[in-house]
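Take a look at the structure below.
Each reported figure results from applying straightforward, stated rules to the coordinates on display, with no laboratory input. Remember, predicted model here, so these are calculated numbers, not experimental data. As a convention, Cβ positions derive from the backbone with ideal geometry for all residues, glycine included, and neighbour counts pool all protein chains shown.
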Amino acid sequence: MSTLGLLENKIEQQKTMTNLVGLVLSALGAEEAAHLLINLVPDDHKELCNMVLDCCSEAGAHLLGQRLCIINDVYRMNFESLFVEMYSEARGLLEESNVAKFFAHLLAADALPWHVLGCISLSEHNTTPSKQIFVKYLFQELADHLGLRSLNGRLSDPALRGYLELIFPRDDLDNTRFAINFLTGIGLGGITENLREYYYLTSHPELAF
């Protein structure tokens, strides 16, 4: 078979398997669906994670992804990689809002480690409108899941500080202002309190003591 033929077969197989994920989700709960799909796709963890992500708008997909992360760290690591990939390649498409909400669920459920947010940068020169849309849906969904106070508490965890330096930048006041304005503009000014205090004191050094 030609290379083109092999590629076409792979694409068709992916469509079929993705449809299967949707079918399984419509018939089974997340835990049963996870075990069944693991048996159907036993040797390709990344492929199964891709298939679940392709169905992330389906009812139950968020719980299925969460369950896979709990069952085996290999699935969790693949979803971590997919998070970085989806953020890096964001193009502002409508379906990416569903992807962002899917990952927000995994984060809120602690199925994904929060250090994965380290790939996100909120500075004028290191972001794009498409990435900003992804971040908007991600953080708004996190706030819906956790509440603004709890979200702020999670993001203020000292253990995460090194991973969140690009979300709450302190390297340059222009970057700091950009991040504050962006987060405030999407209704999440409550998580910028520490950054606002830093910005104010740094831009008014005479007030620091």
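Here r is the Cβ-Cβ distance between residue 19 and residue 115 and R0 is 41 Å; the resulting FRET efficiency, rounded to 0.05, is 0.75.
Under 18 Å from a point placed 7 Å out from the Cα of residue 145 along the Cα-to-Cβ direction: which residues of region 43-60 have their backbone N that close? 49-50, 52-60, by backbone N distance to the label point.
Taking the chain as the region of interest, the number of lysine pairs whose Cα atoms are within less than 22 Å, with members eight or more places apart or on different chains, is 5. Pop the C-beta distance of residue 193 and residue 43 into the FRET formula with R0 = 41 Å and round what comes out to the nearest 0.05. Efficiency, rounded to the nearest 0.05: 0.30. When the alpha carbon coordinates of region 101-170 are projected onto the principal axes, the ranges are 31, 25, 20 Å, largest first. Can you list the DSSP H helices in the chain whose Cα atoms extend at least 30 Å along the helix axis and whose mean Kyte-Doolittle hydropathy is -1.0 or higher? Passing helices, by number: 3-27. For region 89-209, the ratio of Cα radius of gyration to the globular rule of thumb 2.2 N^0.38 Å stands at 1.06.
Other residues lying with their Cβ under 13 Å from the Cβ of residue 119 contribute a combined charge of -3, Lys and Arg counting +1, Asp and Glu -1.
Using only the Cα atoms of the chain, what semi-axes does the equivalent ellipsoid have when each is the square root of 5 times a gyration tensor eigenvalue? Give whole Å, largest first.
Details: eigenvalues 280, 66, 38 Å².
Values for the chain, descending: 37, 18, 14 Å.
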